[in-house]
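Undergrad: For reference, the structure I am asking about is given below.
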Amino acid sequence: MNKKSIYIILISMIFLWGSFVVFSFFSDPMEFITYLGFANSNSGTALSWALALLIVILYCFSAAKISEVKYHMFKMDRLKVVAILAAVFAGIMEEVIYRKWIMDYLDSHDVSVIVQVALSGLAFGIIHLLWGIKNRKAGVNAFISTSLLGFALAIVYLVSERSLAPCIVAHFMITALIEPGLLVAAKNDKIGYW
């Protein structure tokens, strides 16, 4: 993977997730904002926002052990700008899919919250196995770390009384902060087993 490949991955995410987000927003802006949990009556609880912030801090601190992640975490350059745009759309779409759709579907079928959290987290981890297409170690690492993140965000979703807002903000912050460094580390084959 070269630097051009990193940009292709991020731009593909922007177009894939972004087209759905933009279409949904312009179809009915207020309904979409409410659906995501950013309307006043459905914006989560104080505890859910505190948990979301704690998850961002712990997850980014853990990822910063990879030197490329630490280096790129607060570096503003073209890669970071593209990653931030990708993070907006990924944060929205992945939380809609892995928290709202999966967990609410399971809840509507009277599946326990423990199973909802487990399946949501595992599904989130499985999709991140894509990191292992060229590097099995990176795939294993991505599966384990994003499954743990998925479990944590699923708990935030429950604590927020099923508002996506805290989950989306946490997801966005994590992706914006660590994704550029993770992509560079993957390019340089510096992501080992978790």
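Each reported figure results from applying straightforward, stated rules to the coordinates on display, with no laboratory input. This structure is a prediction, so every number in the text was calculated from the model and none was measured. Counting neighbours? That spans all protein chains shown, and the Cβs are built from the backbone with ideal geometry, glycine included.
Undergrad: How large is the helix-only mean residue ellipticity at 222 nm for the chain, computed as the sum of -39500 (n - 2.57) over DSSP H runs with n ≥ 4, divided by its residue count, in deg cm²/dmol to the nearest 500? Can you show the working numbers first?
TA: On the way: 9 runs with 144 residues, N = 194.
Result for the chain, helices only: -24500 deg cm²/dmol.
Undergrad: How large is the translational diffusion coefficient of region 133-176 in µm² per second when you combine the Kirkwood radius over alpha carbon pairs with Stokes-Einstein at 37 °C and 0.692 mPa s? Working shown, then result.
TA: Values: Rh = 11.4 Å.
For the chosen part, D equals 287 µm²/s.
Undergrad: About its Cα centre, how strong a charge dipole does region 1-152 have in debye, to the nearest 20, once Lys and Arg get +1 and Asp and Glu get -1 at the Cβ?
TA: Here the size comes out at about 1020 debye.
Undergrad: Can you give the extra length, in nm with one decimal, that the chain gains between LEU129 and PHE26 once fully stretched, where that is 0.36 nm per residue apart less the Cα-Cα distance?
TA: Working: separation 103, 0.36 × 103 = 37.08 nm, distance 3.22 nm.
Contour length minus Cα-Cα distance gives 33.9 nm.
Undergrad: In cubic angstrom, how much convex hull volume per residue do the alpha carbon atoms of the chain span?
TA: Values: hull volume 22.0 nm³, N = 194.
Normalising the Cα hull of the chain by residue number yields 114 Å³.
Undergrad: Using only the alpha carbons, work out the radius of gyration and Dmax of region 70-180 in angstrom.
TA: 14.5, 47
Undergrad: Please name which of LEU58, PHE74, VAL111 has its Cα lying farthest along the dipole of region 42-115 towards the positive end, using unit charges on Cβ (Lys, Arg +1; Asp, Glu -1) and the Cα centre as origin.
TA: Going by the Cα projections, it comes out as PHE74.
Undergrad: Seen from all sides and averaged, what is the projected area of the convex hull of the Cα atoms in region 25-107, in nm²?
TA: Averaged projected hull area, Cα only: 7.5 nm².
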